[in-house]
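Asker: Provided herewith is a single structure, encoded as structure tokens, for subsequent inquiry.
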Amino acid sequence: MSKAGALDLASGLGGKIEKTEVLSAVEQYERYHVFYGGEEEERKANYTDMVNKYYDLVTSFYEFGWGESFHFAPRWKGESLKESIKRHEHFLALQLGLKPGHKVLDVGCGIGGPLREIARFSSTLVTGINNNEYQITRGKELNRIAGVEKACNFVKADFMKMPFPDSTFDAVYAIEATCHAPDAYGCYKEIYRVLKPGQYFAAYEWCMTDSFDPNNSEHQKIKAEIEIGDGLPDIRLTGQCLEALKQAGFEIIWEKDLAVGSPLPWYLPLDTSHFSLSSFRLTSVGRFITRNMVKALEFVGLAPKGSQRVQDFLEKAAEGLVEGGRKEIFTPMYFFLARKPLSESQ
């Protein structure tokens with residue numbers, strides 16, 4: 001896990017946004033969402049701006065509280081959050097059948113925690129694609145610190161329009177990232193294009209489950225909280241993801257919501273009734289301390305104005321995620337393994 005401290009959090013808040021512009025960026029980001037009168041179509045049309053603003057604003061908070069890998073994981077009893085996250089990443093590598101020397105693509109790679117772990121675990125060459133300049137700058141620094149610059153690299157680009165030739169990669173994966181795509185089919189079709197024939201694409205998707213009722217106002221409130229707190233244009237149903245994969249040309253090998261049957265709930269780190277020393281910053285006490293620390297840092301000018309507002313919508317997201325998990329209407333780990341046929345006619 002990252003050892004980022006209070007001053008690291010303060011210096012990184014706002015990412016590449018000018019510190020004097022952070023509050024304005026927060027206000028613009030909020031206006032995209034339902035709670036502030038925003039519309040789904042506007043979020044989809046402006047997804048690049050919305051998602052870039054989101055990650056400029058939240059990346060330092062994520063690394064401070066979560067570490068270098070910004071994702072959830074199913075968890076065994078007696079297993080720490082850090083251990084479960086690594087195992088979740090190793091599971092992807094094993095499902096993809098990665099071999100030493102394979103060229104692998106991480107779609108929506110964040111600051112590169114998973115790609116560094118997977119590259120070391122499987123002795124592969126992993127490229128991360130990300131459209132956020134701040135995250136790539138931070139990821140390159142973490143690659144240097146970890147000594148993995150030869151095995152891991154980053155490309156700044158939109159994963160809806162990737163700058164790679166057809167059939168470039170031996171495997172592709174996405175960890176809780178393609179949920180940011182405005183169009184699942186367009187995203188998966190582009191992944192299909194850059195993947196070699198006969199090879200595999202695996203992902204963990206954020207989805208609403210079949211238990212989600214669009215006519216239930218409480219369900220809609222939970223969905224909206226997750227969308228604003230996590231930079232999402234819309235949260236798709238699991239069935240919509242599967243249909244988009246098939247339309248893109250993939251053969252589905254297997255799929256499962258890995259939240260179902262997890263010995264410990266995936267949302268446990270965000271549950272305010274849960275206490276853990278190993279993930280203290282995520283507990284209610286840890287979040288209370290962070291909230292007051294950010295307030296103090298903003299007051300004395302070490303953190304830009306608007307920092308508290310960012311933490312507020314992250315707290316709203318945490319509430320929505322926990323409730324969505326408890327009611328089993330949302331999952332952050334809808335897993336699928338899909339194969340690109342050897343020929344178009346196969």
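Asker: Check whether at least one residue in segment 166-181 is touching a residue at least 40 places away in the same chain (Cβ under 8 Å), under 21 Å from K86 (Cβ atoms) and of a type in the set (D, E, K, R), and report yes or no.
Answerer: yes
Asker: Which one is farthest from L321 (Cα to Cα), of the residues in segment 207-224 that are assigned to a helix (DSSP H, G or I) and open to solvent by 30 Å² or more (accessible area, probe 1.4 Å)?
Answerer: That would be S217.
Asker: Please specify each residue of segment 237-252 satisfying the condition of being among the basic types (K, R) and buried (at least 22 other Cβ atoms within 10 Å of the Cβ).
Answerer: Kept after step one, since they are among the basic types (K, R), are these residues of segment 237-252: 246.
Once the filter is applied, which keeps residues that are among the basic types (K, R) and buried (at least 22 other Cβ atoms within 10 Å of the Cβ), segment 237-252 yields nothing.
Asker: Shifting gears a bit: With (1) farther than 24 Å from Y267 by Cβ; (2) out of contact with any strand residue (DSSP E or B) (no Cβ under 8 Å at 6 or more places or on another chain) as the list, and D312 as the residue in question, which single condition is left unmet?
Answerer: Looking at each condition in turn, D312 falls short on (1).
Asker: Then there's this: Here are the criteria: (1) at pLDDT below 75; (2) part of a helix (DSSP H, G or I). Tell me which single one G325 does not satisfy.
Answerer: Of the numbered conditions (1) at pLDDT below 75; (2) part of a helix (DSSP H, G or I), the odd one out for G325 is (1).
Asker: When Q135 is evaluated against the numbered criteria (1) open to solvent by 10 Å² or more (accessible area, probe 1.4 Å); (2) over 16 Å from Y200 (Cα atoms), which criterion, by number, is the only one it fails?
Answerer: So the condition that Q135 fails would be (1).
Asker: Which ones in segment 225-246 are modelled with pLDDT under 90, part of a helix (DSSP H, G or I) and of a type in the set (A, V, I, L, M, F, W, C)?
Answerer: Passing the criteria: only I228.
Asker: Among the residues of segment 181-206, count how many are part of a loop (DSSP other than H, G, I, E, B) and of a type in the set (D, E).
Answerer: 1
Asker: Among the helices (runs of 4 or more DSSP H) contained in segment 1-95, which hold 1 or more residues that are modelled with pLDDT of 75 or more and either surrounded by 15 or more Cβ atoms within 10 Å (Cβ to Cβ) or not hydrophobic (A, V, I, L, M, F, W, C) (or both)?
Answerer: So the answer is 22-31, 40-45, 47-66.
Asker: Restricting to segment 122-168, name every residue that is part of a helix (DSSP H, G or I), small (G, A, S) and touching a strand residue (DSSP E or B) at 6+ places or on another chain (Cβ under 7 Å). Explain how you work it out, then say what you get.
Answerer: Quick first cut of segment 122-168, residues part of a helix (DSSP H, G or I) only: 122, 133-146.
Okay, now just the ones that are also small (G, A, S), so 122, 139, 146.
Once the filter is applied, which keeps residues that are part of a helix (DSSP H, G or I), small (G, A, S) and touching a strand residue (DSSP E or B) at 6+ places or on another chain (Cβ under 7 Å), segment 122-168 yields only G139.
Asker: So which residues in segment 148-204 are surrounded by fewer than 19 Cβ atoms within 10 Å (Cβ to Cβ) and under 16 Å from P233 (Cβ atoms)?
Answerer: Those that are surrounded by fewer than 19 Cβ atoms within 10 Å (Cβ to Cβ) and under 16 Å from P233 (Cβ atoms): D158, M160, D183, Y185, G186.
Asker: If you don't mind, another one. Taking interchain pairs and intrachain pairs at least six residues apart, which have beta carbon atoms under 6 angstrom, with the first residue in segment 209-232 and aliphatic (A, V, I, L, M) and the second part of a helix (DSSP H, G or I) and open to solvent by 20 Å² or more (accessible area, probe 1.4 Å)?
Answerer: I222/E323; A224/V34; I228/F35
The values are calculated or read from the model by the stated rules, or taken from the named source; none is laboratory data. Computed from a prediction, not measured in an experiment: that's the story for all the values here. Cβ sites come from the backbone with ideal geometry, for glycine too, and all protein chains shown count toward neighbours. To get the accessible areas, we keep the full protein, side chains included, count just its heavy atoms, and leave off ligands, DNA and RNA. Shrake-Rupley method; radii C 1.70, N 1.55, O 1.52, S 1.80 Å.
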